[in-house]
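Taking it in order: structure first as structure tokens, then the write-up.
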Amino acid sequence: MTYQAPLQDMLFVLEDLCDLSTLATLPGLEEASPETVAAILDEAAKFAGQVLAPLNWTGDQAGLGFADGAVTTPPGWKEAYATLVDMGWNSPTAAPDHGGMGLPAVVNACIQEMFNGANTAFQLCPLLTQGAIEAISHYASDDLKATYLDHLVAGRWTGTMNLTEPQAGSDLAAIRSKAVPQGDHYLISGQKIFITYGDHDMAENIVHLVLARLPDAPAGVKGISLFVVPKFLVNADGSLGAMNDLRCVSIEHKLGIHASPTCTLAFGDNGGATGYLVGAPHQGLPYMFAMMNSARLGVGLQGIGIGEHAGQVAATYAAGRKQGGAPGVEGSVAIAQHPDVRRMLGLIKARTQAARILAYRAAAAQDIASRCPDPSVAARAQRRLDLLIPVVKGWSTETGNLSASLGVQVHGGMGYIEETGAAQHLRDARITTIYEGTTGIQALDLVGRKVIRDNGTALAELVEDIRASRTRLCAAPGADFAALAAMLAQVIETLEAAGDWLLASARQNAQLPAAAASALLELFGICLGGWAMADAALAAAARQARGDAGTLPGRQMRLAAFYRTQVFPQAQALRVMATEGAETVLALTPEDLGAVA
Ligand SMILES: Cc1cc2nc3c(=O)[nH]c(=O)nc-3n(C[C@H](O)[C@H](O)[C@H](O)COP(=O)(O)OP(=O)(O)OC[C@H]3O[C@@H](n4cnc5c(N)ncnc54)[C@H](O)[C@@H]3O)c2cc1C
């Protein structure tokens, strides 16, 4: 059940496919030279493998304690958290003037993949804190920044996101929590459910970011405001004061991430919890949407990290477990030698690497969008980021689930038994396609906001880049590159056809794109994964040409060929499902679907 961060693959993607050296010329990122980044990632990999990974299984088995409204984390978690913050891993991208490392988002993507891969239940706490830091840095007043930011960046305090209520999950327009003005603050009341790390014992204070409605709020999504609501009130001198009027009512018993507290929080049982408005009234949802790119990228990286970990455990087991024979071999052989087991491990490896490349490219686009001095380059990068995010979140987490399921299958019966750890990966991966917007919601975002509303502009720019990759492949010698170039010709044709179909069908019947959305999200993932793997093969060949005699280039080229024949052909079926199948989805009646009265 060990985990080793795939440093070699990560550095290859960073340097050869995300052009880290050029990113390090952006204002504020000058320190992030490839050498410095390699040293930082080396340290992060040690922390992931030596501290977080051993707690993954023990935390899952021990679970959480809950008594008198207080959550206790499993043995070893407080100490691991203290080490995390001591080493500065709590918020790697936070600005240095608030005590952060100021690392590029693309480097943070590697760190988040490692830490989530090692121990998702643990890493959710820093992930949520990073979201709170981002919200306060971008939208809060200077006073709120001065009170909260340094503590959050240092990890003395942690953050949460309080969106969900019993009647408001995917549909945040239904939020009912209230905020009533009271002098220089607001009184917050209402119930929030499923709040990750809503209570715990690893930090001195918890800063809840809460969506609620002001008394004069318009109905629906335009009437939601964002508030900072600390667990312990903060005195004028910065010291901690009384407990706020909020409490953790219960924690959920869940399928996976057993060591991550999922809390029901009651605000204002005794008149109202003290809260402070972030930014302008009624702007809560736009602020949340602006932060969503980072949060969704973070959850996509969870899918990649868990998939990687599941693949490592499965490959290790397959190398040791002997069953059956093989031609020309006396006695039984390791199951890794059987072609079907190799196929399963290959699927995990190839899809995980494709998803990794896409996710890191999205993070690189985030760096360019937020830092490039040329406004047109920054705007194009922002469009790229916006287009990629639903694919990264949706496809990477679906890939994580597939990988964890294949990991169980590789283990045979032992995969179904908890001790191997394979089952935990499957249980932990399952939430990643649900929170931070389900795969269905990502799919609607992709087709609705990112393609139709954008009139296909960002998609056309992306296709331009894929065309450039294809041109480079056509110029490369050999049948392997010709085959990858042919795959990219199909990718281009498929994405253009999907975009045209979406724009035309949206004019005809708005329900058609919704019915096709999930198939299109998977289609985009598989096509863009093909593009990523083809680029990886080219970059690997270039490494070989520069004299790299290691195992990485050959592996990347074999995985790209495997992806082309074992993953990419699904694109054709998905295209039919989306474009020819949408009407059949809409034709199903409630009686056809078998709800029990
Ligand atoms: C372990 C865990 C941790 C969580 N952490 C947090 C947290 O920290 N903070 C927080 O605020 N929330 C958190 N959540 C809540 C999570 O974000 C929601 O569960 C999620 O957004 C889905 O909402 P829902 O559960 O109400 O499902 P629903 O919205 O009821 O969705 C049910 C199904 O219907 C589909 N569906 C819903 N609406 C549409 C639509 N318009 N079109 C197509 N399909 C649709 C969905 O895709 C899904 O398949 C957490 C949940 C869990 C289980």
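The values are calculated or read from the model by the stated rules, or taken from the named source; none is laboratory data. Here the structure is a predicted model, which is why all the values come from computation and not from measurement. With ideal geometry, Cβ positions are generated from the backbone for all residues, glycine too; neighbour counts draw on all protein chains shown.
What are the residues in the stretch 265-295 that are within 11 Å of the ligand (Cβ to nearest atom) and at pLDDT 95 or above, if any?
Leu265 - this is the single residue of the stretch 265-295 that is within 11 Å of the ligand (Cβ to nearest atom) and at pLDDT 95 or above.
From the residues in the stretch 388-405 that are more than 16 Å from the ligand (Cβ to nearest atom) and surrounded by fewer than 24 Cβ atoms within 10 Å (Cβ to Cβ), which one is farthest from Asp445 (Cα to Cα)?
Among residues in the stretch 388-405 that are more than 16 Å from the ligand (Cβ to nearest atom) and surrounded by fewer than 24 Cβ atoms within 10 Å (Cβ to Cβ), the one farthest from Asp445 (Cα to Cα) is Ser405.
Against the conditions (1) within 16 Å of the ligand (Cβ to nearest atom); (2) assigned to a helix (DSSP H, G or I), where does Leu144 fall short? Just the number, please.
(1)
Kindly evaluate Gly220 against the criterion of being over 29 Å from Gln123 (Cα atoms) and within 16 Å of the ligand (Cβ to nearest atom).
yes
When the stretch 299-332 is examined, which residues are found to be over 19 Å from Gly415 (Cα atoms) and either basic (Lys, Arg) or surrounded by fewer than 17 Cβ atoms within 10 Å (Cβ to Cβ) (or both)?
Scanning the stretch 299-332 gives Gly325, Ala326, Pro327, Gly328, Val329, Glu330, Gly331, Ser332.
Say we look at the stretch 149-172 and pick out the residues that are outside any strand (DSSP E or B) and within 14 Å of the ligand (Cβ to nearest atom); which of these is nearest to Gly275 (Cα to Cα)?
Ranking the qualifying residues of the stretch 149-172, first place goes to Leu163.
Scan the stretch 16-35 and give yes if some residue there is over 28 Å from Ala536 (Cα atoms) and acidic (Asp, Glu), otherwise no.
Looking for residues that are over 28 Å from Ala536 (Cα atoms) and acidic (Asp, Glu), one finds none in the stretch 16-35, hence no.
Take the stretch 572-591 and flag every residue that is closer than 22 Å to Ala489 by Cα, of a type in the set (A, V, I, L, M) and surrounded by fewer than 16 Cβ atoms within 10 Å (Cβ to Cβ).
Ala573, Val576
Do we find a residue being hydroxyl-bearing (Ser, Thr, Tyr), more than 11 Å from the ligand (Cβ to nearest atom) and surrounded by fewer than 24 Cβ atoms within 10 Å (Cβ to Cβ) anywhere in the stretch 431-445?
Looking through the stretch 431-445, none of the residues is hydroxyl-bearing (Ser, Thr, Tyr), more than 11 Å from the ligand (Cβ to nearest atom) and surrounded by fewer than 24 Cβ atoms within 10 Å (Cβ to Cβ).
Mind checking which helices (runs of 4 or more DSSP H) fall wholly inside the stretch 390-491 and carry at least 1 residues that are touching a Gly at 6+ places or on another chain (Cβ under 6 Å)?
Qualifying helices (runs of 4 or more DSSP H): 422-429, 439-444, 457-475.
I'm trying to understand the selection: among the residues of the stretch 173-211, which are out of contact with any strand residue (DSSP E or B) (no Cβ under 8 Å at 6 or more places or on another chain) and within 16 Å of the ligand (Cβ to nearest atom)?
Ala173 - this is the single residue of the stretch 173-211 that is out of contact with any strand residue (DSSP E or B) (no Cβ under 8 Å at 6 or more places or on another chain) and within 16 Å of the ligand (Cβ to nearest atom).
Within the bounds of the stretch 359-373, is there any residue that is farther than 20 Å from Tyr563 by Cα and not in a helix (DSSP H, G or I)?
yes
Here are the criteria: (1) under 29 Å from Ala516 (Cβ atoms); (2) aliphatic (A, V, I, L, M); (3) without any contact (Cβ under 8 Å) to a residue 12 or more places away in the chain. Tell me which single one Ile417 does not satisfy.
(1)
Looking at the stretch 374-389 only, could you name the residues that are part of a helix (DSSP H, G or I) and either at pLDDT below 95 or of a type in the set (Asp, Glu) (or both)?
Asp386
Please report, ordered by residue number, the strands (runs of 3 or more DSSP E) entirely within the stretch 173-290 with at least 3 residues that are surrounded by fewer than 18 Cβ atoms within 10 Å (Cβ to Cβ).
In the stretch 173-290, the matching strands (runs of 3 or more DSSP E) lie at 178-182, 240-243.
Of these, Glu43, Glu31, which one is among the charged types (D, E, K, R), surrounded by 13 or more Cβ atoms within 10 Å (Cβ to Cβ) and modelled with pLDDT under 95?
Step by step, each of Glu43, Glu31 is checked, and only Glu31 is among the charged types (D, E, K, R), surrounded by 13 or more Cβ atoms within 10 Å (Cβ to Cβ) and modelled with pLDDT under 95.
Would you check if Ala359 is crowded, with 24+ Cβ neighbours inside 10 Å, touching a residue at least 12 places away in the same chain (Cβ under 8 Å) and either on the phi < 0 side of the Ramachandran plot or of a type in the set (D, E, K, R) (or both)?
So Ala359 fits the description; yes.
Please state which of the following conditions Gly300 fails to meet, knowing it meets all the rest: (1) assigned to a helix (DSSP H, G or I); (2) more than 16 Å from the ligand (Cβ to nearest atom); (3) at pLDDT 95 or above.
Condition not satisfied by Gly300: (2).
State whether the residues of the stretch 219-234 include one that is of a type outside the set (A, V, I, L, M, F, W, C), in the same structural domain as Ile175 (by TED's automatic domain parsing) and within 24 Å of the chain's Cα centre (by Cα).
Within the stretch 219-234, not a single residue is of a type outside the set (A, V, I, L, M, F, W, C), in the same structural domain as Ile175 (by TED's automatic domain parsing) and within 24 Å of the chain's Cα centre (by Cα).
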